[in-house]
Amino acid sequence: QVQLVESGGGLVHPGGSLRLSCAITGGTLSWYAMGWFRQAPGKEREFVAVINWTGGSTSYGPDVKGRFTISSGKNSVYLQMNSLTPEDTAVYYCAADSSNSGEPDYWGQGIQVTVSA
């Protein structure tokens, strides 16, 4: 069974950096786009970043643009997060669109990122 497995989360001080990884496990997944979303306590899930398989184009949410960078390998996607602030504290979810629908149809279990002094 194909799964998305996130890693690399944790506690970081404001101004620090973290690199999240998401691996496709349990089989082969041909994806059209992979990305990251996040959800902070009491808030709606928020789009963070996406990368498209064709051409490698990327897009970012307004709150992270210029600070976060998404990249990918064949079976993985990464999120480099710099200049972190407490407002970046959230559970981060990896997602994949395998049907070219424009919406994710695979989700990871989520990983906690906490930015605190």
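The values are calculated or read from the model by the stated rules, or taken from the named source; none is laboratory data. What you see is a predicted model; the values in this text were computed from it and never measured. Because the Cβ atoms are built from the backbone with ideal geometry, glycine has one as well, and the counts that use them run over all protein chains shown. These area figures cover heavy atoms from the full protein model, side chains too; ligands, DNA and RNA do not enter into them. Shrake-Rupley method; radii C 1.70, N 1.55, O 1.52, S 1.80 Å.
Things to note:
- Carbon and sulfur %, accessible surface of the chain computed with the full protein complex present, 1.4 Å: 49 percent
- Trypsin sites (Lys or Arg not before Pro) within the range 1-43, DSSP loop, no more than 16 other Cβ atoms inside 10 Å: Lys43
- Residues with amide H under 5 Å from that of Ser98, placed H, sequence gap 5 or more: Tyr32, Asp105, Tyr106
- Across the range 74-84, computed HN-Hα scalar couplings (Karplus, 6.51 cos²θ - 1.76 cosθ + 1.60, θ = phi - 60°) run 5, 10, 7, 9, 10, 9, 8, 10, 10, 6, 5 Hz from first to last residue, x flagging Gly and Pro.
- Note on the range 20-64: Cα-Cα pairs beyond 17 Å make up 45% of the total pair count.
- Going by accessible surface with a 1.4 Å probe and the largest first, Tyr32, Tyr60 read Tyr32, Tyr60.
- Fraction in percent of alpha-carbon pairs per bin - 5 Å, the chain: 2, 13, 24, 26, 19, 10, 5, 1, 0
- The residues of the chain expose on average 52 square angstrom of accessible surface per residue, using a 1.4 Å probe on protein heavy atoms.
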